[in-house]
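Chemist: My questions will all concern the structure given below.
The values are calculated or read from the model by the stated rules, or taken from the named source; none is laboratory data. A quick note: this is a predicted structure, and the numbers were derived from the prediction, not measured. Virtual Cβ from ideal backbone geometry, glycine too; neighbours counted across all protein chains shown.
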Amino acid sequence: MLTYDKLFIGGRWTEPAGPDVFEVRSPHDRAPVGTVPEATSADMDRAVAAARAAFDHGPWPLTDPAERQRIVARFNELHAARADEIAELITAENGTTISFTRMLQGTLAARTQDFIDAAAAFDWESDWESTLPDSGGHRTVVRRAPVGVVVAVIPWNAPHQSALSKMIPALLAGCPVILKTSPETALDGMVLAEIFAEAGFPEGVVSVLPAEREVSEYLVSHPGVDKITFTGSTRAGATIASIAGRQFKRLSMELGGKSAAIILADADLDTVVPALKWYSLANNGEACVGHTRVLAPRARYDEIVAAMAAMMADLPVGDPADPATYIGPLSKAAQQERVHSYIDTGIAEGARLVLGGPGVPEVPGGEKGYYVRPTLFADVDNGMRIAQEEIFGPVVVVIPFDDEADAIRIANDSEYGLSGGVWTADPEHGLAVARQLRTGTVHVNGAPRAATAPFGGFKSSGVGRENGPVGLAHYTEYQSISL
């Protein structure tokens with residue numbers, strides 16, 4: 001049991017304004033993991049006031065970028081040293097398998113270093129010469145000023161990855177940050193606060209607060225906030241976007257997905273199907289980038305369905321703390337109920353249930369857990385709800401296509417556009433197909449995206465991009481000073 005009785009507000013551990021606490025329980029067996037105070041609107045007011053003071057009167061926005069990089073590098077060292085501890089805690093909190101959390105936490109030091117390197121090479125300020133004939137020798141200084149007080153709102157499925165992809169570039173740009181964590185993963189947020197405290201950021205620059213939706217909406221609506229950065233559902237993103245639009249707040253959002261993996265007729269299934277174990281089902285299927293629509297040519301449709309079924313039938317389901325487990329429990333009861341309702345919907349819509357389906361798998365010690373059977377549907381029409389709506393669980397649908405043009409049409413026939421894949425024996429042809437897909441990232445034959453490449457979505461999958469120099473730039477404003 002981890003027990004926190006204070007909140008991290010403006011770099012200080014502070015008594016909460018209210019008496020309520022979040023009790024975090026394991027989604028495997030509902031055993032208690034720990035407690036954290038529940039932040040109230042009054043706590044948010046204090047965090048915004050501290051951040052505003054740090055931005056309007058404190059040193060952080062005007063600190064030399066190299067000094068900001070030094071402090072962030074210190075944080076990175078401290079965070080990396082606790083990677084295994086954090087991975088085990090996140091697995092206990094949200095049911096993500098320990099193999100996944102260890103892998104993900106193990107990548108974060110390199111990701112943070114990528115941001116530090118981008119900041120070191122960033123053009124923070126430069127002279128621009130006038131091209132006008134009567135400029136009279138005047139010059140213009142163009143600088144990238146910090147955007148202001150940043151609120152970062154993150155989900156529970158990959159909490160530290162989501163947090164650092166927002167907080168690190170904002171801090172490097174000179175912005176104070178208020179991190180709003182999910183109740184399901186409130187404990188690892190407090191561990192993150194401990195590390196920020198030890199790293200030595202100035203007063204007011206960092207706050208970490210767990211809260212429910214109503215208080216979160218109060219925070220993003222706060223007049224003292226300049227920018228909102230959000231990862232979560234498209235529905236919640238629409239609410240935040242409307243708030244930001246009314247108040248002219250800067251905004252970046254990484255939202256939902258319903259990504260398609262196009263398997264062309266010449267693809268090697270011995271390569272494709274093992275890779276889709278990752279691309280379609282990683283993190284218990286609770287991944288916005290999941291390739292949960294598999295598009296298969298009619299000539300090979302039965303072969304592909306059978307291969308997918310064989311792969312999914314062999315996935316170990318069980319205790320997320322067991323390194324052998326591939327599919328653990330979903331994060332909470334509401335998520336389990338949501339996924340089961342989609343499985344029922346798919347059956348009612350006339351899709352063919354190939355594997356899994358309603359009911360809970362038998363998991364020793366997990367009888368009370370939020371488990372769902374890995375489920376595969378075939379004979380799916382792209383207009384069905386299970387093909388159009390984000391399920392966020394271990395559910396995959398296989399959709400037939402007639403020819404390449406039909407596959408591209410089906411892949412693009414979605415309100416989402418976050419990720420996707422093309423599988424073919426000819427990578428250059430795969431690139432040509434990828435260029436026709438309206439989605440933010442496309443993996444040709446499973447090739448990983450460069451960590452510093454821009455990440456984000458088209459259409460209802462988001463606004464803006466994260467990672468590398470492009471992600472860093474989202475936390476700055478251009479300022480032109482004529483001399």
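Chemist: For segment 332-382, give me the residue count where each residue is surrounded by 16 or more Cβ atoms within 10 Å (Cβ to Cβ) and polar (S, T, N, Q).
Modeler: So the count comes out to 4.
Chemist: Let me ask something additional. For A241, state whether it is farther than 20 Å from L376 by Cβ and out of contact with any Ser or Thr (no Cβ under 9 Å at 6 or more places or on another chain). Talk me through it step by step, then tell me what you get.
Modeler: Values: farther than 20 Å from L376 by Cβ: yes; out of contact with any Ser or Thr (no Cβ under 9 Å at 6 or more places or on another chain): yes.
Criteria met by A241.
Chemist: Another question, then. Give the residue that is farthest from A450 (Cα to Cα), with candidates limited to residues of segment 99-118 that are more than 17 Å from the chain's Cα centre (by Cα) and of a type in the set (S, T, N, Q).
Modeler: S99
Chemist: Still on this structure, I have one more. Hey, among G471, G456, G417, which residue is closer than 27 Å to I154 by Cβ, buried (at least 18 other Cβ atoms within 10 Å of the Cβ), assigned by TED's automatic domain parsing to the domain that holds L269 and modelled with pLDDT of 95 or more?
Modeler: G417
Chemist: D344 is checked against (1) within 27 Å of the chain's Cα centre (by Cα); (2) in a helix (DSSP H, G or I); (3) over 26 Å from T185 (Cα atoms); (4) not aliphatic (A, V, I, L, M) and fails just one. What number does that condition carry?
Modeler: Failed condition: (1).
Chemist: Could you tell me how many of the residues in segment 286-302 are among the basic types (K, R) and buried (at least 24 other Cβ atoms within 10 Å of the Cβ)? If you could, list the steps in order and put the result at the bottom.
Modeler: Let us first name the residues in segment 286-302 that are among the basic types (K, R), namely 293, 298, 300.
Retained after the next criterion (residues that are buried (at least 24 other Cβ atoms within 10 Å of the Cβ)): 293.
Residues meeting the conditions: 1.
Chemist: So, of the residues in segment 252-275 that are in contact (Cβ under 8 Å) with a residue 40 or more places away in the chain and part of a helix (DSSP H, G or I), which turns out to be surrounded by the fewest Cβ atoms within 10 Å (Cβ to Cβ)? Lay out the reasoning, then the answer.
Modeler: Of all residues in segment 252-275, those in contact (Cβ under 8 Å) with a residue 40 or more places away in the chain come to 252-264, 266-268, 271-272, 275.
Then drop every residue that is not part of a helix (DSSP H, G or I), which leaves 271-272, 275.
Values: T271: 13, V272: 24, A275: 17.
Once the filter is applied, the top-ranked residue is T271.
Chemist: Ok, one more. Go over the candidates P32, P37 one by one and state the one that is of a type outside the set (V, I, T) and closer than 22 Å to I195 by Cβ. Can you show your working first?
Modeler: Details: P32 fails: closer than 22 Å to I195 by Cβ.
Matching residue, one of P32, P37: P37.
Chemist: Can you run down the residue pairs with Cβ atoms below 8 Å, 6 or more apart or on separate chains, where the first is in segment 7-24 and at positive phi and assigned by TED's automatic domain parsing to the domain that holds S41 and the partner is among the charged types (D, E, K, R) and surrounded by fewer than 17 Cβ atoms within 10 Å (Cβ to Cβ)?
Modeler: G10/E203; G11/E203
Chemist: Consider only pairs whose beta carbons are under 6 Å apart and that are at least six residues apart or on different chains; among these, list those whose first residue lies in segment 435-446 and is within 18 Å of D266 (Cα to Cα) and without any contact (Cβ under 8 Å) to a residue 60 or more places away in the chain and whose second residue is not in a loop (DSSP other than H, G, I, E, B) and not hydrophobic (A, V, I, L, M, F, W, C).
Modeler: So the pair list comes out as V444/P427; V444/G430.
Chemist: Among the residues of segment 35-47, which ones are part of a helix (DSSP H, G or I) and surrounded by fewer than 23 Cβ atoms within 10 Å (Cβ to Cβ)? Write out each step before concluding.
Modeler: First pass over segment 35-47, keeping only residues part of a helix (DSSP H, G or I): 41-47.
Of everything in segment 35-47, those that are part of a helix (DSSP H, G or I) and surrounded by fewer than 23 Cβ atoms within 10 Å (Cβ to Cβ) turn out to be S41, A42, D45, R46.
Chemist: On to the next question. Residues A425, A411, A387, A432: which one is at pLDDT 95 or above, within 18 Å of L276 (Cα to Cα) and surrounded by fewer than 22 Cβ atoms within 10 Å (Cβ to Cβ)? Full working, then the answer.
Modeler: Details: A411 fails: surrounded by fewer than 22 Cβ atoms within 10 Å (Cβ to Cβ); A387 fails: surrounded by fewer than 22 Cβ atoms within 10 Å (Cβ to Cβ); A432 fails: within 18 Å of L276 (Cα to Cα).
Criteria check complete, one pass: A425.
Chemist: Turning to a different aspect of this structure: If you check every pair at least six apart or on different chains, which have Cβ atoms under 9 Å apart with a residue in segment 185-214 that is free of Cβ contacts under 8 Å to residues at least 60 places away in the same chain and farther than 16 Å from A73 by Cα first and a residue that is among the small types (G, A, S) and crowded, with 19+ Cβ neighbours inside 10 Å second?
Modeler: Correct list of pairs: R213/A236.
Chemist: For segment 8-34: of the residues being of a type in the set (A, V, I, L, M), in a strand (DSSP E or B) and touching a helix residue (DSSP H, G or I) at 6+ places or on another chain (Cβ under 6 Å), which is surrounded by the most Cβ atoms within 10 Å (Cβ to Cβ)? If you could, list the steps in order and put the result at the bottom.
Modeler: First pass over segment 8-34, keeping only residues of a type in the set (A, V, I, L, M): 9, 17, 21, 24, 31, 33.
Filter once more, so that each one left must be in a strand (DSSP E or B): 9, 21, 24, 33.
So of that shortlist, the ones also touching a helix residue (DSSP H, G or I) at 6+ places or on another chain (Cβ under 6 Å) come out as 9, 24, 33.
Details: I9: 28, V24: 24, V33: 19.
Among them, the one singled out is I9.
Chemist: Please go through (1) closer than 22 Å to F55 by Cβ; (2) in contact (Cβ under 8 Å) with a residue 60 or more places away in the chain; (3) under 18 Å from the mean Cα position of the chain (by Cα) for M167 and return the number of the only condition it doesn't satisfy.
Modeler: (2)
Chemist: Can you pull out the residues in segment 68-108 that are without any contact (Cβ under 8 Å) to a residue 12 or more places away in the chain and either of a type in the set (K, R) or within 19 Å of F392 (Cα to Cα) (or both)?
Modeler: R70
Chemist: What helices (runs of 4 or more DSSP H), lying completely within segment 79-186, carry at least 1 residues that are closer than 19 Å to V36 by Cβ and small (G, A, S)?
Modeler: Working: elements: 83-94, 98-121, 159-173.
Fully inside segment 79-186 and qualifying: 83-94, 159-173.
Conditions (1) within 27 Å of the chain's Cα centre (by Cα); (2) closer than 18 Å to G446 by Cα; (3) not aromatic (F, W, Y), marked per residue:
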{"residue": "I408", "(1), (2), (3)": "yes, yes, yes"}
{"residue": "G420", "(1), (2), (3)": "yes, yes, yes"}
{"residue": "W423", "(1), (2), (3)": "yes, yes, no"}
{"residue": "D426", "(1), (2), (3)": "no, yes, yes"}
